[in-house]
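Structure first, commentary second.
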Amino acid sequence: VVNILPSPPVPDGTISGLAKTNYQTNNGLIGVSASLNSNRNGIVWGGVASHKQASNYRDKVDGRVYGTAFNETDFSCYAGLNKHWGYSHINFSVFKDLQEIPDGSRDSVSRKFTKQITEIDTLRAIVPNSELNSYKISPLHQHIQHYRLYSTNNLLFGRQKIGLILGYQKNIREEFSHPQDPDIPGLDLTLNTFTYDARYSYPLIEGLETSVGVNGMYQKNINKGSEFIIPDYSLFDLGTFILVQRRTDKFDLGAGVRFDSRFLKDVEMYTRKNPITGFDTQVSFPDTADARHPFSNIKRSFSGLSASLGATWKVKKNVLIKANVARGFRAPNIAEISANGVHPGTLIYQIGNTDFKPEYSLQEDLGISFASGHFSGSLDLFNNSISNYIFDQKLLNKAGQDSVIVKGNQTFIYQQSNARLYGGEATLDIHPHPLDWIHFENSISLIYALNQGGNGTVISSGSKYLPLIPPLHTNSELRANFKRKLKHASSIYFKIGMEYYAKQNRIYSENGTETPTNAYIIYNAGAGAKITNSKGKVAIIINILGNNITDVVYQSHLSRLKYFEPYPGNLTGRSGIYNMGRNISFQLIIPLTL
C-alpha cells in the first residue's frame, strides 16, 4: 500500500519555496525544479514545476543502451482554506513524458545496437554514437500526458468529521511505432477517470472511532490509433466500507468490512487496412465484412467482500506485538480480461481471458517491534493464500516453439491459478550511545510464491513457482550525521550502503516464461551538507550521491529488459539488456523563506 499524504502547510504569515538542480553522470540527466508555498490567515496556495531530460544510460556490457532516453515536464498547484472547521483544497497537476522504447536489437557480429528504419523491418541500421549520446528523442517512443483535477475536503463538526474527495483525470498514451510515418501513433489511448471518496467519522463511545464511507470510480477508454491492445470500454467501481478502531493503554484494536462491485463493458471493434496509410483503422457496420474482429461486446460484473481484524499489544513502553487477519478481493483489470494486441513497450503480444473470476485472498500477519537507546528493530511475517491468482505465461505454438503472432513480439496469455505467498522482513538499526550520531541500518526481506494449481492448471516442475517474484534482498547502510557545525556548514553527513540480491532460481520456467537471475551486490555512497551565510541562515543544500559505485554488471530479476535479445545463442555468455552502471548524482537546493 502506498499512502500519499499532503505536505504540511507552511507557517502562517510566510511564503517559502526552493529551487533544485540535479545532474547525473551516467545518462547525463539534467533536472531543474522550483516550488513556492504560502499561508496567510489560513488561505494557502502553492505550486511545483519541474523538468528533467536524459540521454541513453550505459553499463559496462552494453555501453549506451539505445532507447532509454527520456524528457519529462511536470507541474502542479493548489489553493485552499485551512480553518478551525477543517480544510478545503483544490488541486491541479500536469505530467508530460517522452520516453523512448528499447527493443534490444543488435548486429549479430558487432553486438552494436540497431534500430528499425522500415515498416517491414527486414533490414536494420546500426545506431551511430552521435545518436546514442544525444538528448533527442528517437522517432519510436511513447508520449504520455496525464492531467488531474481534484478537490480534497475535511469538515469538522465537534467530534464528527466528514471527508470528501472528488477528482477527474485524463490520461493520453501514444506509442509511435511506425518508423516511416513517425507522426502516426500506433497505440493511442485516451482514458478519462472520475473518482469519488466520501466518509463520515464519529467516536461512538470514548476511545472508539467509527468511519463509514463509499468510494470508487468511473472510467471510459477510447482508441484512436492504428494498433489496438485493449478495446474501448467503460468501467464503474463502487465500494462501501465501515472501519472501527479502539484504543486503550495496552491495546489498539481495528476492524473493517468492505463490499466492492465492478461493472465492465467492452465495446465491439472491427478493423481493416487503411488503403492510404496501410495501417489498421477502425470500421463500423456495414463496412465490417471480412474485417478483423479483435474485440467483442462483453459485459462483466464482479463483486466481493473484504474484511480485516487486527490488534497491537503494547507489551512494554518500547515493545509492540502486532497481529492481523484479512480477507481480500480484487476484480480483474481490463488487460487481464480483454487484451488482444501488441504492447511495444514490452515486446509482448498480450492475450486476456474474458472468463476470469475475481481474486480472493486470506492473509495472516504477525509482527514485533522494539526500540531502545542503542537499538531498534522489527520482525514481520505473513502468509497469504490467494484463489484465482492471475499471472502471465508465454504461449507456445503446436510445434512447441515460441508463438509469434506479430513479428518481433513474444505472445503471452494470462492464466489463473491458486497460489500461496509467504515470507517476511526484518530491520535492525544500531545507534549506540554516546555514538548515536552514527546509524547502522539493516533490513532483509524474503518471499516464497507457490503455484498451487486449480482452474484447469496442471502443476509441473517448471510451473510450481509463480513468475516475477523478487529474490532474497538485504540492504545495509552506515550513516554518520555530524552534530558539530563548521563556520559555514551544518548537518554534514556521510553514508555508505550495500544492497545484496540473491540468485533467484525459484522461477516459472514453463514454456520459457522466465529464466533464473544471478546474485549481485550493489554499493552506494553519499555525502551532503547545509551551507549557511554570515547570518547563520541556510543558503544552499548540497548532496552528492553515488549508485552502483563499483560499476557492477547486473540484471534485476523483475526487469523485462533481460529478455530483449534477438540472438540468445550468441557466444558472449550474456543476453538481454543490463541495468544502469555507475551513476553519480549532484544535487543543489536553494531554499527561500519570506
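The values are calculated or read from the model by the stated rules, or taken from the named source; none is laboratory data. This one's a predicted model, so the numbers in the text were calculated from it and none came from an experiment. Don't worry about glycine lacking a Cβ; one is built from the backbone with ideal geometry, like all the others, and counts go over all protein chains shown. Please note that ligands, DNA and RNA were not included when accessible areas were found on the heavy atoms of the full protein model with its side chains. Shrake-Rupley method; radii C 1.70, N 1.55, O 1.52, S 1.80 Å.
Quick check: is even one residue across the stretch 463-470 more than 30 Å from PRO568 (Cα to Cα), part of a strand (DSSP E or B), of a type outside the set (D, E, K, R) and at pLDDT 95 or above? Checked the stretch 463-470: no residue is more than 30 Å from PRO568 (Cα to Cα), part of a strand (DSSP E or B), of a type outside the set (D, E, K, R) and at pLDDT 95 or above. If you go through the stretch 206-251 and keep only what is over 17 Å from GLN169 (Cα atoms) and hydroxyl-bearing (Ser, Thr, Tyr), you end up with THR210, SER211, SER226, THR240, THR248. Identify all residues within the stretch 336-376 that are out of contact with any Lys or Arg (no Cβ under 8 Å at 6 or more places or on another chain), hydroxyl-bearing (Ser, Thr, Tyr), buried (at least 18 other Cβ atoms within 10 Å of the Cβ) and part of a strand (DSSP E or B); write none if there are none. Passing the criteria: only TYR349. Comparison of SER534, SER585, SER559 shows that the only residue that is touching a residue at least 60 places away in the same chain (Cβ under 8 Å), of a type in the set (S, T, N, Q) and closer than 29 Å to TYR23 by Cβ is SER585.
Of all residues in the stretch 273-300, those satisfying the criterion of being charged (D, E, K, R) and open to solvent by less than 70 Å² (accessible area, probe 1.4 Å) are ASP280, ARG300.
Within the stretch 126-139, being closer than 16 Å to PRO179 by Cβ and in contact with a Lys or Arg (Cβ under 6 Å, 6 or more places away or on another chain) holds for ILE126, VAL127.
In the stretch 447-458, the qualifying residues are those that are buried (at least 16 other Cβ atoms within 10 Å of the Cβ) and touching a residue at least 40 places away in the same chain (Cβ under 8 Å), and the one that is nearest to the chain's Cα centre (by Cα) is ALA449.
Within the stretch 90-101, the set of residues being open to solvent by 40 Å² or more (accessible area, probe 1.4 Å) and either without any contact (Cβ under 8 Å) to a residue 40 or more places away in the chain or not aromatic (Phe, Trp, Tyr) (or both) comprises ILE90, LYS96, LEU98, GLN99.
Applying the set (1) buried (at least 16 other Cβ atoms within 10 Å of the Cβ); (2) in contact (Cβ under 8 Å) with a residue 60 or more places away in the chain to GLN180 leaves exactly one unmet item: (1).
When LYS322, LYS398 are screened for being without any contact (Cβ under 8 Å) to a residue 24 or more places away in the chain and open to solvent by 50 Å² or more (accessible area, probe 1.4 Å), only LYS398 passes. Only a single item in (1) crowded, with 17+ Cβ neighbours inside 10 Å; (2) assigned to a loop (DSSP other than H, G, I, E, B); (3) modelled with pLDDT of 95 or more is not met by GLY104, and it is number (3). Considering ARG262, ARG292, the condition of being of a type in the set (D, E, K, R), without any contact (Cβ under 8 Å) to a residue 24 or more places away in the chain and on the phi < 0 side of the Ramachandran plot is satisfied by ARG292 alone. Just a yes or no: is a residue in the stretch 377-392 assigned to a loop (DSSP other than H, G, I, E, B), open to solvent by less than 30 Å² (accessible area, probe 1.4 Å) and on the phi < 0 side of the Ramachandran plot? Taking every residue of the stretch 377-392 in turn, none turns out to be assigned to a loop (DSSP other than H, G, I, E, B), open to solvent by less than 30 Å² (accessible area, probe 1.4 Å) and on the phi < 0 side of the Ramachandran plot.
Could you tell me whether the stretch 61-79 includes any residue that is among the basic types (Lys, Arg), crowded, with 16+ Cβ neighbours inside 10 Å and either under 22 Å from the mean Cα position of the chain (by Cα) or under 19 Å from TYR147 (Cβ atoms) (or both)? No, there is no match, as no residue in the stretch 61-79 is among the basic types (Lys, Arg), crowded, with 16+ Cβ neighbours inside 10 Å and either under 22 Å from the mean Cα position of the chain (by Cα) or under 19 Å from TYR147 (Cβ atoms) (or both). Restricting attention to the stretch 33-60, the residues being assigned to a loop (DSSP other than H, G, I, E, B) and touching a Ser or Thr at 6+ places or on another chain (Cβ under 8 Å) number 3. Scanning the stretch 323-358 for residues that are over 27 Å from GLY104 (Cβ atoms) and in contact with a Ser or Thr (Cβ under 7 Å, 6 or more places away or on another chain) turns up ASN324, ALA326, ARG327, GLY328, PHE329, ILE337, SER338, THR354. If a residue must be in a strand (DSSP E or B), over 28 Å from the mean Cα position of the chain (by Cα) and at negative phi, how many such residues does the stretch 81-101 contain? Summing the residues that are in a strand (DSSP E or B), over 28 Å from the mean Cα position of the chain (by Cα) and at negative phi in the stretch 81-101 gives 5. Every condition in (1) more than 30 Å from PHE494 (Cα to Cα); (2) open to solvent by 50 Å² or more (accessible area, probe 1.4 Å); (3) modelled with pLDDT of 95 or more; (4) not basic (Lys, Arg) holds for ILE444 except the one numbered (1). Could you list, in sequence order, the residues of the stretch 235-259 that are open to solvent by 30 Å² or more (accessible area, probe 1.4 Å) and more than 30 Å from TRP313 (Cα to Cα)? Matches in the stretch 235-259: PHE236, LEU238. Please count how many residues of the stretch 499-540 are within 18 Å of SER476 (Cβ to Cβ) and surrounded by 15 or more Cβ atoms within 10 Å (Cβ to Cβ). The qualifying residues number 11. Can you confirm whether the stretch 6-16 contains a residue that is in a loop (DSSP other than H, G, I, E, B), more than 28 Å from the chain's Cα centre (by Cα) and within 24 Å of ASN543 (Cβ to Cβ)? The answer is yes, given that some residue of the stretch 6-16 is in a loop (DSSP other than H, G, I, E, B), more than 28 Å from the chain's Cα centre (by Cα) and within 24 Å of ASN543 (Cβ to Cβ). Any residue in the stretch 501-508 that is of a type in the set (Ser, Thr, Tyr), assigned to a loop (DSSP other than H, G, I, E, B) and touching a residue at least 40 places away in the same chain (Cβ under 8 Å)? Checked the stretch 501-508: at least one residue is of a type in the set (Ser, Thr, Tyr), assigned to a loop (DSSP other than H, G, I, E, B) and touching a residue at least 40 places away in the same chain (Cβ under 8 Å). The sole residue among GLU268, GLU174, GLU206 that is crowded, with 17+ Cβ neighbours inside 10 Å and more than 25 Å from VAL325 (Cβ to Cβ) is GLU174.
Condition check ((1) open to solvent by 30 Å² or more (accessible area, probe 1.4 Å); (2) charged (D, E, K, R); (3) outside any strand (DSSP E or B); (4) modelled with pLDDT of 95 or more) across all residues:
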site: SER460; (1), (2), (3), (4): yes, no, yes, no
site: LYS495; (1), (2), (3), (4): yes, yes, no, yes
site: ILE542; (1), (2), (3), (4): yes, no, no, yes
site: PRO568; (1), (2), (3), (4): yes, no, yes, no
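In the stretch 463-480, the condition of being touching a residue at least 60 places away in the same chain (Cβ under 8 Å), more than 30 Å from LYS537 (Cα to Cα), open to solvent by 50 Å² or more (accessible area, probe 1.4 Å) and not charged (D, E, K, R) is met by at least one residue.
Name the single residue that is most open to solvent (accessible area, probe 1.4 Å) among those in the stretch 544-566 being charged (D, E, K, R) and not in a loop (DSSP other than H, G, I, E, B).
Checked the stretch 544-566; the qualifying residue most open to solvent (accessible area, probe 1.4 Å) is ARG560.
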